[in-house]
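I have placed the structure first, in the form of structure tokens, so that the comments after it can refer back to it.
The values are calculated or read from the model by the stated rules, or taken from the named source; none is laboratory data. Since the model is a prediction, treat every value here as computed from it, not as a measurement. Positions of Cβ are backbone-derived with ideal geometry, glycine not excepted, and every protein chain shown enters the neighbour counts. All accessible areas refer to the heavy atoms of the entire protein, side chains included, with ligands and DNA or RNA removed. Shrake-Rupley method; radii C 1.70, N 1.55, O 1.52, S 1.80 Å.
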Amino acid sequence: TKVVRSFRPDFVLVRQHCRGLDANQDYRSVILGLRWGAIPSVNTLLSIYNFMEKPWVYAHLLQIRKRLGKEKFPVIDRAYYPNHKEMLITPKFPVVVKIGHAHAGLGKVKVENHHDFQDIASVVAVANTYATTEPFIDAKHDIRVQKIGNNYKAYMRTSISGNWKANTGSAMLEQIPMTEKYRVWVDAVSEIFGGLDICAVEAIHGKDGKDYIIEVNDSTMPLLGENQEEDRQLISDVVLQRMTQVCRAGASAAQNINPHNAWRRVLVMSKSMTGFLNLG
């Protein structure tokens, strides 16, 4: 007999993508249930839900670019194909084709010519999903700008394995100074979907000397470099701060928590999607 254990968390920290590559990694129903129960979280469940589809996020990045200008917020140009049938108009090659909602370098292919593009279109047909294309940028290095609460960090990642995807294979990671340009990027992103307590901007610095923002991440962003322990503590501080605000503002019993011992009831949605975070 299978024993089903039911519990109600007081707070949720989401550190795992809610959609993986197969049906066994689809946790959207969990997010919907938490939202149904009005459970507060970091990042907010509204933002977590909005981050499930990359074209939706990209559309909001275009709004930021329109407001700030391309010089201050250099989001890469991208074309959207709702399905394989629309992949008839070939872009200027080489391009990078991204299939569906995959992340961490998966579902991303460099295409050199229209013959390969049609081959990729057949893969999109089998996957029964959407696809996007963007110009291939001959990169000098990648840039990662992250914000956790009020803490900012910037990193430079250079491939040493020759792979055009710097987040795949061997790469050299170096923390770099946080410039005003980077601060503008990540501050603008942190305002979308009602506000993001934790976020990161991924960009490419091309050999042409230009920067291209290619992606943004929310609280599910991976931690990098030698400062991971510090970043985990910063995330804990953000969670405690948000719980304190909920405790002060919430009048209902569902949100009336004591931040000093609430670590016992903080659900952490991470790799296993289960577990509790000890903030004590």
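Observations
- Size of segment 65-185: Rg and Dmax of its alpha carbons, in Å, are 16.6, 48.
- Nearest 10 degrees, 0 to 90: helix 114-127 Cα axis against the chain principal axis: 30
- Other-chain or far-sequence residues with amide H under 5 Å of Ala171's (modelled H): Ile160
- Working note: 222 nm ellipticity from helices only, DSSP H runs with n ≥ 4, each -39,500 (n - 2.57), summed and divided by the residues of the chain, gives -8500 deg cm²/dmol to the nearest 500.
- Extension gain for Leu32-Leu173 works out to 47.1 nm (0.36 nm per residue, less the C-alpha to C-alpha distance).
- Surface share of carbon and sulfur [accessible, 1.4 angstrom probe, percent] for the chain: 52
- Going through (1) 80, 57, 41; (2) 59, 50, 37; (3) 51, 49, 34, the figure that equals Cα extents along the principal axes in Å as computed for the structure here is (2).
- For segment 159-215: rounded, prolate or oblate by the Cα gyration tensor [a/c cutoff 1.5]: prolate
- Equivalent ellipsoid dimensions for segment 1-152 as semi-axes, Å, which come from the Cα gyration tensor, largest first: 33, 23, 13
- Amide H within-cut-off set for Thr44, under 5 Å, with H built and near neighbours excluded: Asp197
- Among the trypsin sites (Lys or Arg not before Pro) in segment 36-123, those placed in a DSSP loop whose Cβ has at most 14 other Cβ atoms within 10 Å are Lys70, Lys72, Lys92.
- Note on segment 127-254: Lys pairs 8 or more places apart or on different chains, Cα atoms under 20 Å apart, count 11.
- Between segment 1-74 and segment 167-237, the C-alpha centres lie 18 angstrom from each other.
- For the chain, share of DSSP beta bridges that run antiparallel, in % to the nearest 5: 85
- Per residue accessible area in Å² of the chain, where ligands, DNA and RNA are left out and the probe is 1.4 Å: 54
- A Förster distance of 25 Å, applied to the separation of the beta-carbon atoms of Glu226 and Asp187, puts the FRET efficiency at 0.50.
- Separation in nanometres of the label points that stand 7 Å from Cα toward Cβ, at Glu53 and Glu180: 3.9
- Rounded D (µm²/s) - segment 116-242, Kirkwood Rh over Cα pairs, Stokes-Einstein at 10 °C, 1.306 mPa s: 98
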